[in-house]
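J.: The structure that follows is given in the form of structure tokens.
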Amino acid sequence: SYIPHNLLAGMRETDPSIRDLDLEFRGLSKFAVRALGARVSNRRPVTLWRSESLTDLLVDQRLRIAAEAAGSDVVFQIADLWHTDRPYVTYRDEYWGQIEQLYEETGDMGLLGHPGFNIRRLRRRRDRENALLRDAGAVVAFSEWAARYLRDELRIESERVHVVPPGANAIRREGLQEVIDARLARSPDRLLFVGVDFLRKGGGLLLDAFSIVRSRRPSTTLTIAGPERWPADEPPGDGVDFVGRRSMEQTIDAFGSHDLYVMPSLFEPYGIVYVEAQANGLPCIGPERFAVPEIIDDGVTGRLVGSNDPEELAHVIMASLDDAELFR
């Protein structure tokens with residue numbers, strides 16, 4: 001299953017007895033489960049192997065065996081959620097019931113980060129997850145937005161629901177003050193977007209808004225990083241620089257060389273990149289929804305956008321670029 005290795009390493013610094021049960025599929029077994037879930041969505045191959053019933057059975061069995069062999073007192077499940085006869089805690093950013101609610105708004109699983117899903121599969125995952133959540137010793141959420149769903153919709157007792165925001169990785173360790181001083185000394189006109197899932201993170205909306213900004217402020221530029229290949233139907237327009245995938249170091253450098261981070265996500269369970277941008281001294285623009293208002297302090301560390309209207313987003317971008325106090 002998915003293990004954020006930085007988190008695991010940090011936990012082990014706190015308590016060396018913590019161990020990884022290592023349920024990862026490898027070799028032929030990995031190929032087989034991925035092939036089982038293979039689908040085509042919007043003419044692109046995807047695999048839904050994590051949501052297949054056979055995968056559930058295999059992982060449940062492996063988890064029970066591994067936990068027993070390790071003598072685990074508690075199983076801490078990160079991102080995934082499986083059956084175990086040991087007490088367990090789960091930690092994640094979103095829940096299937098929330099996605100179902102948003103699907104009623106959008107009607108597009110791709111925009112919710114789950115291409116290839118249909119409503120029947122989603123509801124099966126929701127029902128399975130809800131039963132496991134209600135049996136968990138504790139449920140740890142990334143955000144208060146997610147915690148409200150657990151308390152209000154699933155009626156999980158408040159004492160079992162905890163909020164622990166995730167850590168950030170792309171942080172400049174040295175020379176941050178020099179980067180900030182250089183930013184304050186120049187005229188701000190460089191926008192940055194970093195996101196692999198371009199459409200879900202509002203990339204199309206940003207391109208529409210940028211064309212408006214560019215027509216009124218010709219010096220403004222937009223750098224787009226994250227996708228392997230150019231993600232839009234039309235080629236990059238005037239002032240748009242597409243740089244593709246970036247390493248961690250390159251992302252940190254991009255935070256330093258730009259003036260405003262803009263990611264108007266259509267669905268954003270948390271948004272660690274906003275934390276990373278702000279930690280690098282970069283103001284952010286994001287949606288006034290989901291967990292984003294918990295990260296961006298509107299008018300202080302950035303600005304929130306209340307709709308998916310390109311004109312409103314363009315207005316917020318230009319107002320932000322003109323706000324010297326925001327940059328200070």
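J.: Ignoring ligands, DNA and RNA, what accessible area per residue does the range 174-328 give at 1.4 Å, in Å²?
T.: On the way: 6820 Å² over 155 residues.
The answer is 44 Å² per residue.
J.: Could you give log10 I(q)/I(0) at q = 0.13, 0.14 Å⁻¹ for the chain, computed by the Debye formula over C-alpha point scatterers of equal weight, without solvent?
T.: -1.08, -1.21
J.: How do Asp56, Asp298 stack up against each other in accessible area, from largest to smallest, with a 1.4 angstrom probe?
T.: Final ranking, largest accessible area leading: Asp298, Asp56.
J.: Then there is this: What percentages make up the Cα-Cα pair-distance distribution of the range 97-141 when the bins are 10 Å wide from 0?
T.: 26, 47, 24, 2
J.: Right, something else. Compute the whole-percent fraction of alpha carbon pairs in the range 68-177 spaced more than 23 Å apart.
T.: Value for the range 68-177 (Cα pairs over 23 Å): 38 percent.
J.: Measuring with a 1.4 Å probe in the full set of protein chains, what accessible area per residue, in whole Å², belongs to the range 34-167? Please list the in-between numbers first.
T.: Working: 6910 Å² over 134 residues.
Computed with neighbouring chains in place, this is 52 Å² per residue.
J.: Accessible area of the range 1-61 with a 1.4 Å probe: how many percent of it is carbon plus sulfur?
T.: Using a 1.4 Å probe with all protein chains present, the range 1-61 comes out at 56 percent carbon and sulfur.
J.: Still on this structure, please answer the following. Of all the accessible heavy-atom surface of the range 151-296, with the other protein chains kept in place and a 1.4 Å probe, what percent is carbon and sulfur?
T.: Looking at the range 151-296 in its full context, I get 47 percent from C and S.
J.: What is the gain in length, in nm to one decimal, between His315 and Ile119 on full extension, counting 0.36 nm per residue of separation less the C-alpha to C-alpha distance?
T.: 66.9 nm
J.: As a test, work out the antiparallel percent of DSSP beta bridges whose residues both lie in the chain, rounded to the nearest 5.
T.: The answer is about 10 percent antiparallel.
J.: Average the reciprocal distances over every distinct pair of alpha-carbons in the range 3-142, invert the result, and give the Kirkwood radius in Å. Intermediate results must be reported in sequence, preceding the final value.
T.: Numbers: mean 1/r = 0.0605 Å⁻¹.
Computed over the range 3-142, the radius equals 16.5 Å.
J.: Given Cα pairs under 8 Å that are at least 6 residues apart, what percent is the relative contact order of the chain?
T.: Dividing the mean separation by the residue count of the chain yields 13 percent.
J.: Quick check: with the 1.4 Å probe, what order do Lys30, Lys201 take by accessible area, largest first?
T.: Working: Lys30 80, Lys201 30 Å².
Descending order: Lys30, Lys201.
J.: With contacts defined as alpha carbon pairs under 8 Å and 6 or more residues apart, what's the relative contact order of the range 56-128 in percent?
T.: Numbers: 61 pairs, mean separation 15.9, N = 73.
Result for the range 56-128 is 22 percent.
J.: Treating only the Cβ of Lys, Arg, Asp and Glu as charged (+1, +1, -1, -1), what charge dipole size does the chain show about its Cα centre? Round to the nearest 20 debye.
T.: Charge dipole, the chain, about its Cα centre: 1140 debye, nearest 20.
J.: Working with all protein chains in place, sort Arg173, Arg50 by solvent-accessible area computed with a 1.4 Å probe, largest first.
T.: Per-residue accessible area, sorted high to low, gives Arg173, Arg50.
J.: Rolling a 1.4 angstrom probe over the protein chains, ignoring ligands and nucleic acids, what is the accessible area of Asp197 in square angstrom, nearest 10?
T.: Counting only protein heavy atoms, Asp197 exposes about 50 Å² to solvent.
J.: Mind checking which of Ala32, Trp82, Ile285 is farthest towards the positive end of the chain's charge dipole, using Cβ charges of +1 (Lys, Arg) and -1 (Asp, Glu) about the Cα centre?
T.: The residue sitting most towards the positive pole is Ala32.
J.: So, taking all protein chains as they sit and a 1.4 Å probe, how much accessible area belongs to Glu325, in Å² rounded to tens?
T.: 120
The values are calculated or read from the model by the stated rules, or taken from the named source; none is laboratory data. None of these values were measured; they are calculated from a predicted model. Neighbour counts run over all protein chains shown; Cβ positions are idealised from the backbone, glycine included. Keep in mind that these areas ignore ligands, DNA and RNA; they rest on the heavy atoms of the full protein, side chains included. Shrake-Rupley method; radii C 1.70, N 1.55, O 1.52, S 1.80 Å.
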